[in-house]
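**Q** Pasting a structure below so you can have a look.
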Number of protein chains: 2
Amino acid sequence: MVRAGAGTNQEAVRRHNLGTVLAHVHRAGRISRAELTSAMGLNRSTIGGLVAELEVLGLTEQAAPTGARTGAGRPSPDVVPATDGAYVLAVDIGVAGLAVARVGLAGRVLSRATASIPTSRTPESTCEAVVELLRLVVRESPSGSPLVGLGISVPGLVRSADHLVRLAPNLGWVDVPIGTILAGRLGLDVDVTVGNDADLGALAEHLRGAGTDDADLIYLSGEVGVGAGLVVDGRPVGGGGGYAGEIGHLQMDPAGRLCHCGNRGCWETQVGAPAIAEAIGCPDDRVAALGEVLDTQQDAGDALRAVGRDLGAGIASAVNLLNPQVVVLGGYFRSLYPLVRAEVDETVRSRALVAPNEHVRLALPSLGADSVLVGAAEVAFAGLLADPVAGLARSLRDVEAALVA
Amino acid sequence: MVRAGAGTNQEAVRRHNLGTVLAHVHRAGRISRAELTSAMGLNRSTIGGLVAELEVLGLTEQAAPTGARTGAGRPSPDVVPATDGAYVLAVDIGVAGLAVARVGLAGRVLSRATASIPTSRTPESTCEAVVELLRLVVRESPSGSPLVGLGISVPGLVRSADHLVRLAPNLGWVDVPIGTILAGRLGLDVDVTVGNDADLGALAEHLRGAGTDDADLIYLSGEVGVGAGLVVDGRPVGGGGGYAGEIGHLQMDPAGRLCHCGNRGCWETQVGAPAIAEAIGCPDDRVAALGEVLDTQQDAGDALRAVGRDLGAGIASAVNLLNPQVVVLGGYFRSLYPLVRAEVDETVRSRALVAPNEHVRLALPSLGADSVLVGAAEVAFAGLLADPVAGLARSLRDVEAALVA
C-alpha cells in the first residue's frame, strides 16, 4: 500500500494501488471487498473506486458473494477476473515437446496446444513451430480481448539481466536471445520474458499449486536434465546472475558416470533421463518422452529402485542445505516418484538430518503438467499488475492479424 | 519509513522512525543528515528532531563532517554512535573455545575475552565458564552504559521459533535451551537470542565484512564440523525451521567415510577437522585448535592438496545450486585456504558450471576471527533498533552488580 502525500505523484499512487487490487484478484481468483480493504489498509470507498475502475478497464467483474456473511444489509459482490479479459501467452520449450497456452488472470489456462520440437532444435526452427502453435491458441481468443505479455520457459540457464539463454545443454543452445528471436518472428509488440523451466515451475507451484502455504519450496524438474527452482522465505531465488537451481550438478559420486558438464558423478548422471531409461530398458527414441514411458510401467524393478535411492539421496542433500517445507517432483519425476516412493522416502529419511527432516514433505505438482506454463504466464502478467493502465495501453487487441506469417 | 496518518498511532510511528535512524547509524558507522534525509524520505527538520532525540537518549553523538561539501553555509555534523553508549554482549560457544565480547553500535568490538571450553562441555559447565568471561568484559564497561541484549552463537541446529538448540553434534548437545540456561545463570533480565555460528558469520560478513556489496553470499564455517550460513537476495536464509545451511551433510561420495550422522561420504567427512588433521598428521589433542596448527604449516603436501580438491568440489556444488557472488571461508578454512588455494580454485573452476562460475569469488572473512561474534551482536541489537525507547527502558545499567555469582 502507498498513501498519497505531499510530494508524491497522486496519479502514480492511484495506478500502483490499482495494480495491487488487481494482483490480489489475480492471486486469489475471487476476493471480497472486505478482504481487499483489510489486505490493503485502504478504506472501503477507496477500494470501491479502484474496483470500479478495474471494471471499466475490462479487467475484473462482479460475482455473487459465496458463503455466509455476517452484518446487516446485502453483501457487496465479490471481485473476479473478467471473462474474456486480459490474457498472456505462455510458451514452454521442452527438450522433447513444445507447449503453448493462452492464460487468463488467476492462472486460468484458457486454451493450449502442443507439438514435438523440430528435430533440428535450432532456435529458428523452434520459434517457427512455436508461432504455428500460438496461431492455434490465439485463433480462439475473443475479439478485442487484450494480450498483455508473452512468457517463455526454456530448459537452461537464463541470465536474469537480459533474459539471454546462456546454456540449454539438451537443446544445444549457447547464448541464444530466444525472446528477441521469437518476438521478431511474431511481429508482436508486447513484453517478452524468458525464464528457466524449473524456476517457473517453482513459482507456479508456490503461488497456485502444491506449496501455497510453504515459504520454502524446492521444485525439481526432470526434463532429460535435472534442475531445481527454489523459493526461500516466500521469494523466488535467482542468485547472482539468475542461474540458481542447477541441482543436477551436485557432485554425488566422484567415481560416477561422466556428465555432459565434463565432471563425473553429477546427480544428473544418476537420475537424469538416460539413467532412468537404462534402468527400465527404454529405447533411445523414447527417452524424450520418458514420463509417458514410465506411466506404462507396472512396477519398478531393482535398477529403477536404485535410481529411486539416488533420487532420495540428492533430495536429502538439498533438504540439509535449504530446510524446505516441501519438495515438489515435476517433469518426469511426476511419473517416477509413484513407482519408487518407498525408496525415495526411506533414503530422504535416513540421509537428511532429523531436524530439517521434520519439516519436509515430498509432493507431486498440483498443477500437473501445467506448472511450467502457469509459471511462464505468471511472469508475463507482471507488467499489467505493476500498472494496469499502462499495461493495457501497451496491449495488443487483434493478435491474430498481428501474427506475421 | 512510516508516515503518520489518520488511524495510525503517532507515537508508534515516531519510535519506529527513531529506530530506523538508529539502524542507519548502526549500519553505516557514520552518516550525514543529508544521507538520512535521502534514505528515509523524511524532511530535514524531521530528521533533525529524530537525531536530537537519539542524542538525548545517549545513543548517538555529533562528529565533524568528513570530506568536501558542496553548497553554502557550514555543514551539519555527522551522526555517529555515542562513545560509552548502548552495547550488547556476544557469546561464541565453539567446539574448542569460548569467546565473548562487549560490542557497541556499528559492530565495534569494545572488549573481548576467550577461554577453552570446559572438558565436560555440558551446557551447565559451559554457561559457568561463559559467565566468568562475561564478568571480565563487563568490568571494563563505563558505569551507566546500558546493556541492551545478549546474543549467543552455537555450532549446531537452532530452531528459529524458540531458539532451542536441537543438535550440536560436536558438543554432544540435544534439545538444549541454552539461552534460558545462560540467562538464568546470569540473572540478567535482557533479551537473549541464540543463533547458528555459520548463520551469524554470514550475517556479519554480509553487513560488515567481505560481502557488503553482495546480495548472495555463502559463509562456510569450519569448526570441527562444517556448516554454512546463506544470504540470498540480501536476506539471511533460515529455511522452514531455521536449520538451513547444513552443507556438511551434502553427499559427496557414497563409498566415503562414515559420518556421525550415520551416512557415508558427507562433505564433512572429507573436509571436517578430523580429515584435515589426518592429512597433516595433527595429533588428536590439537584437532580442536586446527586453525592454529594449520597456520604453522609451511606447505600443503599431497594429502592436504587432496582435501583442497574436496573443498573445491563441495563449494562447486553450492555454487551450482545457489549462484552466489561470494563464498567466504570462515573458521579453520581461513587457515586452510591459503595453503591449498590452487587446488580449491581449480576444482571450483572445473566443477561449477560456466555461467554461475562467472559470478563467484572466494574470499577470507574481512572480520577475521570475529565474524561470528559480530553476527551474534547484530541479532542482539535487533530489539533496540526496532524501538530505541523501549529497548533502553528494558536495558540494564549496572551489569556487574547484576551478574550473580
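**Q** I want to verify the translational diffusion coefficient of region B:210-365 in µm²/s; compute it with Stokes-Einstein, Rh as the Kirkwood radius over Cα pairs, at 4 °C and 1.567 mPa s.
**A** After rounding, the answer is 83 µm²/s.
**Q** Still on this model: Apply 1/(1 + (r/R0)^6) to the Cβ-Cβ distance of A:Arg341 and B:Leu396, taking R0 = 51 Å, and write down the FRET efficiency to the nearest 0.05.
**A** After rounding, the FRET efficiency stands at 0.40.
**Q** Smallest Cβ-to-axis distance in chain A, for the rotation taking A to B: which residue, how many Å?
**A** A:Val232, 3
**Q** List, shortest first and in nm to one decimal, how far the label point of B:Asp295 (7 Å from Cα along Cα→Cβ) is from its counterparts in the other copies.
**A** In ascending order, 6.3 nm.
**Q** Suppose we keep just the DSSP beta bridges with both residues in chain A; what percent of those would be antiparallel, to 5?
**A** In chain A, DSSP labels about 65 percent of beta bridges as antiparallel.
**Q** If you don't mind, there's one more thing I want to ask. Lys and Arg at +1, Asp and Glu at -1: add these up for the other residues within a Cβ distance under 11 Å of B:Leu396 and post the number.
**A** Net of charged neighbours comes to -2.
**Q** Once each part is reduced to its C-alpha centroid, what is the distance from region A:293-344 to region B:383-405 in angstrom?
**A** 52
**Q** Now for a separate question. Calculate, in whole percent, how much of the Cα-Cα pair population of region B:43-148 lies beyond 25 Å.
**A** 42
**Q** Ok, one more. Nearest 0.05, what FRET efficiency do B:Asp233 and A:Ala386 give at R0 = 25 Å with Cβ-Cβ as r?
**A** Computed FRET efficiency for B:Asp233 and A:Ala386: 0.85.
**Q** Next question, about the same structure. I'd like the GluC sites (Glu not before Pro) in region B:87-185 restricted to DSSP loop residues with at most 15 other Cβ atoms within 10 Å, sorted by number.
**A** Filter output for region B:87-185: B:Glu140.
**Q** Let me know the shape class of region A:96-236, please: from the alpha-carbon gyration tensor, a ≥ b ≥ c as square roots of the eigenvalues, rounded when a/c is under 1.5, otherwise prolate if a/b is greater than b/c, or oblate.
**A** It comes out oblate by the Cα gyration axes.
**Q** Same structure, new question: What share of Cα pairs, in percent, lie more than 15 angstrom apart in region A:303-344?
**A** Considering region A:303-344, 40 percent of its Cα-Cα pairs are separated by more than 15 Å.
**Q** How large is the helix-only mean residue ellipticity at 222 nm for chain B, computed as the sum of -39500 (n - 2.57) over DSSP H runs with n ≥ 4, divided by its residue count, in deg cm²/dmol to the nearest 500?
**A** After summing the helix terms and dividing by the residues of chain B, the value is -12000 deg cm²/dmol.
**Q** Measuring from label point to label point, each 7 Å out along Cα→Cβ, what is the A:Asp295 to B:Glu140 span in nm?
**A** About 7.0 nm, to one decimal.
**Q** Along the principal axes of its C-alpha atoms, what lengths does chain A span, in descending order and rounded to whole Å?
**A** Ordered largest first, chain A gives principal extents of 67, 54, 43 Å.
**Q** Just to confirm the numbers: A:Gly172, label point 7 angstrom along the Cα-Cβ line, distances to the other copies in nm, shortest first?
**A** Label point to label point, same position, other copies: 6.2 nm.
**Q** At what distance in nm do the modelled label points of A:Leu110 and B:Glu35 sit from each other, each positioned 7 Å from its Cα along Cα→Cβ?
**A** 5.1
**Q** Ratio of Rg to Rh for the protein assembly as shown, alpha carbon only, Kirkwood?
**A** 0.99
**Q** Would you mind calculating the gained length between A:Arg74 and A:Ser350 on full extension (0.36 nm times residue separation, minus the Cα-Cα distance), in nm to one decimal?
**A** Computed gain between A:Arg74 and A:Ser350 is 93.7 nm.
**Q** Another one. Please give, to one decimal in nm, the separation of the simple spin-label points placed at B:Glu132 and B:Thr66, each 7 Å out from Cα toward the Cβ.
**A** 4.0
**Q** Follow-up question, since we're still on this one. Relative contact order for region B:210-365: what percent, with Cα pairs under 8 Å and sequence separation of 6 or more?
**A** Once normalised by length, the contact order is 25 percent.
**Q** Cα extents of region B:184-238 along the three principal axes, largest first, in whole Å?
**A** 40, 26, 19
**Q** Would you mind checking the tilt of helix A:341-351 against the longest principal axis of the Cα atoms of chain A, expressed as 0 to 90 degrees and rounded to 10?
**A** 90
**Q** What nm distances, shortest first, do you get from the label point of A:Arg394 to those in the other copies when the point sits 7 angstrom along Cα to Cβ?
**A** Listed shortest first, these distances are 4.6 nm.
**Q** Hey, another quick one. When Cβ neighbours within 10 Å are restricted to other protein chains, what is their mean count per residue of peptide A:318-329?
**A** 6
Here, each number is a calculation from the coordinates, and none is a lab measurement. Note that the coordinates shown come from a computational prediction; the quantities given were computed from them, not determined experimentally. As a convention, Cβ positions derive from the backbone with ideal geometry for all residues, glycine included, and neighbour counts pool all protein chains shown.
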